[in-house]
Structures are given as structure tokens and as C-alpha cells.
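First the structure, in the form of C-alpha cells, and then the observations on it.
The values are calculated or read from the model by the stated rules, or taken from the named source; none is laboratory data. Everything quoted here is computed from the prediction, not taken from an experiment. Here Cβ is always computed from backbone atoms with ideal geometry, including for glycine, and neighbour counts include all displayed protein chains.
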Amino acid sequence: MKNAPTEINDESAPDKRDSTPGTFPKRRNTVIAGVLAALMESKTITSMDSVFSMSTTRLAAFVCRLEQRYGWTIDRHDVATGTNDGRESWVTAYWLPKSAIGKAFDLGAREWVDGVKAASIDRRKLAGKCKAEAAKKNAIRNKLRKQDPRQGRLWGEL
């Protein structure tokens, strides 16, 4: 990562960090709201977790937005993991400090988190329709896409 934040390894007072909760996104049916809701429930999230639970490959971008735009302090550390093809890979795990979660729930975060979960359930009901629409659009684009003129000679007229 080119612009990854440096890890603070020599903190003299980690318990004195700023644990002021940030603000909540207004829209509850977005990936950024889903990421924050998962963090609010004391989950530690990696990019692979976000692929399967939130259907996004851009977890780091959403964490950055939560920090910069919404004012959340999100902790992270790198974790070594073994892969199926025999390599060792490093991933970043993200979580919210317990103190920030506690303060946020004191300010009414439970209602917001429950609203995000409800919005996610409603949105997932539309998944089949959205997949069908995407397939139609891709079929139209494939028909309209100009074929490379050299490809006809290579493969013949199929």
C-alpha cells in the first residue's frame, strides 16, 4: 500500500486515545453503513470478510471514508494468513475501539445499527432482479461492442 497509515507501536498511553465516536451516515442502505454497523457490533473485518458479507472488494476505501468524512477512529493491524495455493499473505484487520463503541451506543447507535440491518435485508430481496437486469445490460453491450477487425481473420466468421 502506498499511502497506508503507519502503525503506532510505541504509544505511551494507548488508553488515552481519542475514542470520540464519529457521525453516522444518513443513508442506511449503503456499503459504508454496513461496514460501520459491523464495526459497531465489535466485529473485526478483513477484506475477504467484506467480499462475502458486504459484496465489496474495497474495504480499505470505506474505512478511509469513515475516518476522514465521518470522524471515526478505526484501529487496524496486519495479520498473516495462509492461502490455499501454499503462500503466506498479509491482510489488514479493522475494528473499532471498545470505548468508541460504548460511547456511540450511549448516544443511540443501537437504533441506527438495527436500521442498517433492516435496510440490508430489504436490499437483498432485490438481488435476483438486479442480477437479471445486469445480465440484460451486459448482453446488449456485448452485441453493440465493436469487434476488432483483425479477430475475424484469426477466428473466421463465427
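Numbers for the structure displayed
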| quantity | calculated |
| --- | --- |
| Which listed residue, of 89, 99, 55, is surrounded by fewer than 16 Cβ atoms within 10 Å (Cβ to Cβ), at pLDDT below 95, at positive phi and not charged (D, E, K, R) | 55 |
| Residue count for segment 76-101, restricted to those that are under 14 Å from residue 38 (Cα atoms) and either charged (D, E, K, R) or free of Cβ contacts under 8 Å to residues at least 40 places away in the same chain (or both) | 1 |
| Qualifying residue in segment 134-155 (condition: modelled with pLDDT under 95 and in contact with a Lys or Arg (Cβ under 6 Å, 6 or more places away or on another chain)) | no |
| Condition check for residue 30: of a type in the set (Ser, Thr, Tyr), surrounded by 11 or more Cβ atoms within 10 Å (Cβ to Cβ), at pLDDT 90 or above and within 29 Å of residue 131 (Cβ to Cβ) | yes |
